[in-house]
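**Student:** Starting off with a structure, shown below.
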Amino acid sequence: MELPLFPMLQRTPRVALTLSLVLFSLTIVPALYSLLANPISPLLVSSSETDGPFPSDHMHPSVRILPPVNSPVPAPLNYTRHRKSSYHSPPVTTSTSRTQIRDDEQRCDLFKGEWIPNEESPYYNNATCWAIQEHQNCMKFGRPDTGFMRWRWKPDGCDLPIFDPNEFLEMVRGKSMGFVGDSISRNQVQSLLCLLSRVEYPEDISSSPDTAFKVWNYTSYNFTLHVMWSPYLVKTTKADPTDPECNLFNLYLDEYDTKWTSQINQLDYLVISSGHWFYRPVIFYENETISGCQYCALPNTTQLPLYYGYRKALRTSLRAILENFKGLAILRSFSPQHFEGGPWDKGGDCVRTRPYRRNETIPEGADLKIHDIQLEEFRAAEEEMKKKGLRLRLMDTTQAMLLRPDGHPGRYGHIQTAEVSLRNDCIHWCLPGPIDSWNDILLQMMKTEK
């Protein structure tokens, strides 16, 4: 006669029952845990995930990232070229599954999105990269927070890959790239140099010691990188050339700055940008005659707004590209400043430690008008270039950087002493920092033009 389960358990010796429970916990429970933690599902493999690493003849040994000087930022683990890619894999180790936007994402708008956490960054620091200038070396000068380095830009419609230095150098093998603009343009170049330093250091092949015009060569790839200083993009002279302290400039709004326009015909890629210097006192010339000025207080001279000169200078520089350049030209949009508590010369500072969210209220200023002009002039120039089969693209990083008040040096772009009072820098960007995402975007734009 069969007995119900519960009475059977009552008649079972306690030792046997205890032993049964132990065996159950050691066998059945782990099996259930494994099943729940790794549920059976169809295997999804994209073609890109099956691709191997980059060609071995161009690989470099594992790179040891040293801890930053005077910085609490921990050093990342050793990077290995063959490390399997993952969401947070350093770009030097990722496979093409992490370095390519899928075909169905090719039309993704790279410039609308949010900043999301990225605990794998930074990918270099002030001990491993020689290209960081003092006023962007935020960790050296004691910035106490490190969170500003641990974000990446995430477009709404796709996942923007982190910059892969191997892929970039392979793409530009045997080619040349130039950056034209002001110190923000140089800021991006220094970020690029730092990102590429995990693979190779370039050789300085500049023809002169003039730091305003530098040329580096990556000998293993025969890739040359040019930096050309032109903060106004057009022909510029000092109003008083004999005075080294003179801060008044003559801008010839309809004349090329031949220091850079004469060199671009040798380039394959060109990135131009400008804006911040147009807030200074300037005298405008057109047809070799003074047409007005800005903040100059000259008698019998028409006072013109900032936007007048900026629009005309940008239009002239884009025309120079149309007439002298055959490669891929990119206009990088205005980089916003984030002074709070006063203007730059009256104690303004940038002390925030995290990005804005898109739904937060962000103070608006003249920066957005500059951006509007860039969009208008870009569209007009793009139409003209299309007619001639030329390529002009817009790297519209303004909205992304408007969300990053935490990424500037502020007071940490110089030594902190009671004897020295220097203005806070809420214009340039810390290295490493959010400006590294510009090169994520740059590489992706180049890939879509292949």
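The values are calculated or read from the model by the stated rules, or taken from the named source; none is laboratory data. Keep in mind that this is a model prediction, so the values were computed, not measured. Note that we place each Cβ from the backbone using ideal geometry, even for glycine, and neighbour counts take in every protein chain shown. Heads up: the accessible areas ignore ligands, DNA and RNA and are worked out on the full protein's heavy atoms, side chains in. Shrake-Rupley method; radii C 1.70, N 1.55, O 1.52, S 1.80 Å.
**Student:** Answer rounded, prolate or oblate for the range 146-186, using the Cα gyration tensor with square roots of eigenvalues a ≥ b ≥ c: rounded when a/c is under 1.5, else prolate when a/b is larger than b/c, else oblate.
**Tutor:** In terms of gyration-tensor shape, oblate.
**Student:** How would I415, I162, I205 line up by accessible area, probe 1.4 Å, largest first?
**Tutor:** Of I415, I162, I205, the descending order of accessible area is I415, I205, I162.
**Student:** Something else: Modelling each spin label as a point 7 Å along the Cα-to-Cβ direction, I'd like the D109/Y295 distance in nm, to one decimal.
**Tutor:** Spacing of the two 7 Å Cα→Cβ label points: 3.3 nm.
**Student:** Need one word for the range 186-268: rounded, prolate or oblate. Basis is the Cα gyration tensor (sqrt eigenvalues a ≥ b ≥ c); a/c below 1.5 gives rounded, then a/b vs b/c decides.
**Tutor:** prolate
**Student:** Students often get this wrong: which residues of the range 204-248 have the backbone nitrogen under 13 Å from the point 7 angstrom along Cα-to-C-beta of R423?
**Tutor:** The answer is 247, whose backbone nitrogens lie closer than 13 Å to the label point.
**Student:** How long are the three semi-axes of the equivalent ellipsoid of the range 344-447, in whole Å, if each is the root of 5 times an eigenvalue of the C-alpha gyration tensor, listed from largest down?
**Tutor:** Working: eigenvalues 215, 50, 41 Å².
The answer is 33, 16, 14 Å, longest axis first.
**Student:** Give me a comma-separated list of calculated 3J(HN,Hα) values for the range 116-125, in order, Karplus coefficients 6.51, -1.76, 1.60 applied at θ = phi - 60°, integers in Hz, x for any Gly or Pro.
**Tutor:** Couplings: 10, x, 9, 6, 6, 7, x, 9, 7, 8 Hz.
**Student:** Then there is this: Just to make sure I understand: if all protein chains stay in place, what is the order of T242, T301 by accessible area at 1.4 Å, largest first?
**Tutor:** Listed by decreasing accessible area, they come as T242, T301.
**Student:** On the full set of protein chains, 1.4 Å probe, figure out the accessible area of S207 and give it in Å² to the nearest 10.
**Tutor:** S207 has an accessible surface of roughly 130 Å² with all protein chains in place.
**Student:** Something else: Taking the Cβ of M446 as the centre, find all other residues whose Cβ is under 14 Å away and add up their charges (Lys, Arg: +1; Asp, Glu: -1).
**Tutor:** Summing Lys and Arg as +1 and Asp and Glu as -1 gives +1.
**Student:** Taking amide H positions as placed in the peptide plane 1.01 Å from N, state which residues far from W151 in sequence (5 or more) or on other chains have amide H under 5 Å from it.
**Tutor:** Residues meeting the criterion, in which the H sits 1.01 Å from N, are N118.
**Student:** Something else about it: The range 230-298: which trypsin sites (Lys or Arg not before Pro) are DSSP loop and have at most 10 other beta-carbon atoms within 10 angstrom?
**Tutor:** none
**Student:** Please find the FRET efficiency linking Q303 to A380, where r is the Cβ-Cβ separation and R0 is fixed at 22 Å, and quote it to the nearest 0.05.
**Tutor:** Working: r = 27 Å, r/R0 = 1.20.
Efficiency computed from Cβ-Cβ geometry: 0.25.
**Student:** Here is a follow-up. For S183 and N217, compute 0.36 nm times the residue count separating them, minus their Cα-Cα distance, and round to one decimal in nm. Let's see the in-between values first.
**Tutor:** On the way: separation 34, 0.36 × 34 = 12.24 nm, distance 2.10 nm.
Stretched out fully, the S183 to N217 stretch lengthens by 10.1 nm.
**Student:** I've got another one for you. Each residue of the range 323-340 in order: what ³J(HN,Hα) in whole Hz does its phi give by Karplus 6.51 cos²θ - 1.76 cosθ + 1.60, θ = phi - 60°, with x for Gly and Pro?
**Tutor:** My calculation for the range 323-340 gives 8, 10, 10, 10, x, 8, 9, 10, 9, 8, 6, 5, 9, x, 9, 9, 6, 10 Hz in order.
**Student:** Further, regarding this structure: To the nearest 20 debye, what is the magnitude of the charge dipole of the range 303-390 about its Cα centre, counting +1 on the Cβ of each Lys and Arg and -1 on the Cβ of each Asp and Glu?
**Tutor:** On the way: 16 positive and 13 negative charges, 73 e Å.
Charge dipole, the range 303-390, about its Cα centre: 360 debye, nearest 20.
**Student:** Something else: From largest accessible area down, sort H135, H338; use a 1.4 Å probe on the protein chains. Write out the running numbers ahead of the final one.
**Tutor:** Numbers: H135 55, H338 15 Å².
Result of the area sort, largest leading: H135, H338.
**Student:** Further question: If the limit is 18 Å between Cα atoms, which of K175/K214; K326/K386; K259/K369; K235/K312; K312/K387; K238/K259 go over it?
**Tutor:** Too far apart for the 18 Å limit: K259/K369; K312/K387.
**Student:** So how much slack lies between Q399 and I415, counting 0.36 nm per residue of separation and subtracting their Cα-Cα distance, in nm?
**Tutor:** Extra length from Q399 to I415 when fully extended: 2.7 nm.
**Student:** Calculate what fraction, in whole %, of the accessible area of the range 266-377 sits on carbon and sulfur atoms when a 1.4 Å probe is rolled over the protein chains. Mind dumping the intermediate values first?
**Tutor:** On the way: 2610 of 5380 Å².
About 49 percent, which is the carbon plus sulfur part of the accessible surface.
**Student:** Then there is this: Mind running the shape call on the range 297-395? Use the C-alpha gyration tensor, a ≥ b ≥ c as the square roots of the eigenvalues: rounded below 1.5 for a/c, prolate if a/b tops b/c, oblate otherwise.
**Tutor:** oblate
**Student:** Additional query: Counting Lys +1, Arg +1, Asp -1, Glu -1, what net charge surrounds R423 among other residues with beta carbon under 12 Å of its beta carbon?
**Tutor:** That works out to -1.
**Student:** Please find the FRET efficiency linking I116 to I362, where r is the Cβ-Cβ separation and R0 is fixed at 25 Å, and quote it to the nearest 0.05.
**Tutor:** 0.85
**Student:** Per q in 0.15, 0.18, 0.25 Å⁻¹, report the Debye log10 I(q)/I(0) for the range 117-190, using one uniform scatterer on each alpha carbon and no solvent.
**Tutor:** Each listed q corresponds, in turn, to -0.75, -1.06, -1.33.
**Student:** For a Förster distance of 41 Å, can you work out the FRET efficiency between the beta-carbons of T258 and R150, rounded to the nearest 0.05?
**Tutor:** Here the calculated transfer efficiency is 0.45.
**Student:** Further question: Name the GluC sites (Glu not before Pro) in the range 308-386 that are in a loop by DSSP and that have at most 15 other C-beta atoms within 10 Å, would you?
**Tutor:** When the GluC sites (Glu not before Pro) of the range 308-386 are filtered for loop state and at most 15 Cβ neighbours within 10 Å, E360, E364 remain.
**Student:** Once amide H atoms are built 1.01 Å from N in the peptide plane, which residues 5 or more positions from R393, or in another chain, come under 5 Å H to H?
**Tutor:** The list, which skips near neighbours in sequence, is A329, I330, L331.
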